[in-house]
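The values are calculated or read from the model by the stated rules, or taken from the named source; none is laboratory data. Small disclaimer: the values here were computed from a predicted structure and weren't measured. Note that each Cβ is placed from the backbone with ideal geometry, even for glycine, and that neighbours are counted across all protein chains shown. For accessibility, only protein heavy atoms count, side chains too; no ligands or nucleic acids. Shrake-Rupley method; radii C 1.70, N 1.55, O 1.52, S 1.80 Å.
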Amino acid sequence: MQLITVIVIIMAAVLLSSLVSPYIPRVSLPLVQIALGLVCYYLPFIPTISVDDSIYMIVFIAPLLFFDAKESSLLTIRKTLAISLSMAVGLVLLSVVATGFTLHLLWPAIGIPAAMALGAALGPTDAVAVSEIRKEADLNDNQVSILSTESLFNDAASIVSFQFALAAVTTGKFSPASFTGSVLYSFLGGAVFGLLLGLFFSGLMLFLRRKSLETTTSRITMELLFPLLSYTLAEHIHVSGVIAVVAAGLILTKDRKDLGSDVARTNLVSSSVWTFVTFSLNGSVFVLLGMELPEALKHSISSPLINTWLLLVTVLVLTLILLFFRFLWIMGAMT
């Protein structure tokens, strides 16, 4: 019953955010949703929320990335792929190193591997945030394309970096060659596996359509399940589930555009369903973030072992470091 209560409250907060946001246009919708999440946290009948990482990736990130990839323009992605991949891999790894050493310098009690694990978590742009904030920010089409493409691919480098940093913390060992190989295997393996899954799904849909077995309900149900299945299978064979979902979505972009008018009605209904799903998932992510923030900060602020002012200064410095290197990288890549 508690879980049902939480789901209802989160969805109510998402709905309320969409009603309130137009009246405060200078505040982005994600910030409104985070604020409502904070309010929800202090409601007396709301239990403590803790979302498992794997559940978060499967339920939220996989469908959102799949939709972003499915709705992307392959022509636009080709134009910005080089700079986007350089940011998705090179900039993420640079951010891991820069934030790791900076954090260790400011807080020597935190070892370099543990500090780099935090850098890996902070390095990539968030696909959910990009999809929401780009609606509010004054960005041209090329900038939106670069950020969107980057956000589709950068989680692979970040996740592998995070895993290796944690392994270095627990074992005390780190191999640059093994790390590089794992990044390449995770990225390329996920891309190939996702392409194969996308081709299989497209072929299956075409077969069902030709046999008059496809209905609007079956098509949409399979579309909603497909990113969850793709991510799970990819992670099971130890390649990037994120990249697999993106690659499969890009294959289905071609499928959606090349099949003609016989699937127009299904595509229209599918688009409406995905609009609702992505709105709900996007909003739920930020509301959940607001609900988890107080719990995450409570122990740090109240602990006598942690200097709160140093913690705040560290957050500010790491934010500036990330912005500085992102600015330099983009300037270098565009010149």
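The table for this structure:
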quantity	calculated
Exposure ranking of 53, 68 by accessible area [1.4 Å probe, largest first]	53, 68
Under-24-angstrom lysine pairs by C-alpha in the chain, whenever the two are 8 or more apart or on separate chains	9
Using θ = phi - 60° and Karplus 6.51 cos²θ - 1.76 cosθ + 1.60, couplings along the stretch 75-82 (whole Hz; Gly, Pro as x)	5, 5, 4, 4, 5, 10, 4, 4
In order through the stretch 291-303: 3J(HN,Hα) via Karplus (6.51 cos²θ - 1.76 cosθ + 1.60), integer Hz, x for Gly, Pro	6, 8, 4, x, 5, 5, 8, 4, 5, 5, 6, 7, 6
Solvent-accessible area of residue 71 with every protein chain in place, 1.4 Å probe, in Å² to the nearest 10	80
The stretch 50-117, relative contact order [Cα under 8 Å, separation at least 6], %	20
Which of 40, 285, 301, positive extreme of dipole for the chain (C-beta unit charges)	285
0 to 90° range, to nearest 10: angle between helix 29-41 axis and the chain longest Cα axis	70
Order of exposure, largest accessible area first, which applies to 309, 329 with probe 1.4 Å	309, 329
From phi via Karplus (6.51, -1.76, 1.60), per-residue ³J(HN,Hα) for the stretch 232-237 in Hz, x at Gly/Pro	5, 5, 5, 5, 5, 9
Accessible surface of residue 211 - all protein chains present, 1.4 Å probe, nearest 10 Å²	120
Estimated dipole of the chain in Debye, rounded to 20 [Cβ of Lys and Arg +1, of Asp and Glu -1, Cα centre]	500
C-alpha long axis of helix 176-210 to longest principal axis of the chain, angle in °	20
Coil-residue trypsin sites (Lys or Arg not before Pro) of the stretch 12-105, DSSP, other Cβ within 10 Å capped at 11	26
Computed helical MRE - 222 nm, the chain, DSSP H runs ≥ 4 contributing -39500 (n - 2.57), nearest 500	-26500 deg cm²/dmol
More than 26 angstrom apart: percent of Cα pairs within the chain	54
Sorted peptide list for 32-38, 180-186, criterion being average Cβ within 10 angstrom, highest first	32-38, 180-186
